[in-house]
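Engineer: Input: one structure, supplied below.
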Amino acid sequence: MTKWEKFFDEKIKEIAKEKVILDIGGGERFQKNLTPYRKYFINCSYKTIDIDPGRNPDILADAHNLPVANESIDGIICKSVLEHVKNPFQVVEEIYRILKPKGKCFIYVPFLFTWHGSEKEEKDFWRFSEDGINYLFRKFRKIEICPVRYHFETIAYLLPYSNKFPINILVIFLRFLDKILERYQSKKQVSGYNIFLIK
């Protein structure tokens, strides 16, 4: 398990202990690598919210204007969403508004990653550096940031057609290369970031 996979595992399990959890941009329940964690959410109220009715969310709404009362949510998951919204600052304000004091939030954002929108519907507007993340979430009292993928593995995901064919063997080799050269690499040139926040 990589550092970022371990971080994801630990933080999702931590959020699953909360009572009321909202998965923003989650579409149908337990998407975006959450299926193996379903069993951890049995003792909470877990709901998804999404702008697309075709994704079968529990709540149909725009993340820029969440139909949720102030300080009413214990935990939030917002994975691979902020790059697709027109105004990530407004969405983060909404997340902050609805989280209870000491509420927890897991977010993933891309940095050096391929364009992954669609021409007609879902746009791909933004990328986030570590500096940008610290500024975007500056109101939160605790911010933990975990880089996802390092130099060489990141390059594999930027190659043309990397999403069209299996690149598993290449990724294994490049991940090994990243591990060998880890001490020489900047942790700022990465595919994206897993982020854990406490209000």
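The values are calculated or read from the model by the stated rules, or taken from the named source; none is laboratory data. What you see is a predicted model; the values in this text were computed from it and never measured. Positions of Cβ are backbone-derived with ideal geometry, glycine not excepted, and every protein chain shown enters the neighbour counts.
Engineer: Quick check on my filter: what residues within the range 39-63 are assigned to a helix (DSSP H, G or I), touching a strand residue (DSSP E or B) at 6+ places or on another chain (Cβ under 6 Å) and closer than 21 Å to ALA16 by Cβ?
Structural biologist: Result: no residue meets the conditions.
Engineer: Next question. Within the range 64-80, is there a residue that is assigned to a loop (DSSP other than H, G, I, E, B), at pLDDT 95 or above, closer than 18 Å to GLY192 by Cβ and under 14 Å from the mean Cα position of the chain (by Cα)?
Structural biologist: Within the range 64-80 (the criterion being assigned to a loop (DSSP other than H, G, I, E, B), at pLDDT 95 or above, closer than 18 Å to GLY192 by Cβ and under 14 Å from the mean Cα position of the chain (by Cα)), the answer is yes, since at least one residue qualifies.
Engineer: Give the number of residues within the range 94-121 that are out of contact with any strand residue (DSSP E or B) (no Cβ under 7 Å at 6 or more places or on another chain), charged (D, E, K, R) and surrounded by 13 or more Cβ atoms within 10 Å (Cβ to Cβ).
Structural biologist: 2
Engineer: Here is a further query. Look through the range 1-20, keep the residues that are outside any helix (DSSP H, G or I) and in contact (Cβ under 8 Å) with a residue 24 or more places away in the chain, and return whichever of them is nearest to PRO110 (Cα to Cα).
Structural biologist: Checking each candidate, the answer is THR2.
Engineer: Quick one: in the range 141-172, of everything that is at pLDDT 85 or above and among the aromatic types (Phe, Trp, Tyr), which residue is surrounded by the fewest Cβ atoms within 10 Å (Cβ to Cβ)?
Structural biologist: It comes out as PHE152.
Engineer: Can you tell me which residues in the range 173-199 are surrounded by 19 or more Cβ atoms within 10 Å (Cβ to Cβ) and either on the phi > 0 side of the Ramachandran plot or in a strand (DSSP E or B) (or both)?
Structural biologist: Hits for the range 173-199 are GLY192, TYR193, ASN194, ILE195, PHE196, LEU197.
Engineer: Right, something else. What pairs come out if I take residues in the range 61-77 that are over 17 Å from LYS102 (Cα atoms) and pair them with residues that are in a loop (DSSP other than H, G, I, E, B) and modelled with pLDDT under 95 whose C-beta lies under 6 Å away, six or more apart or interchain?
Structural biologist: Pairs found: ASP62/ILE51.
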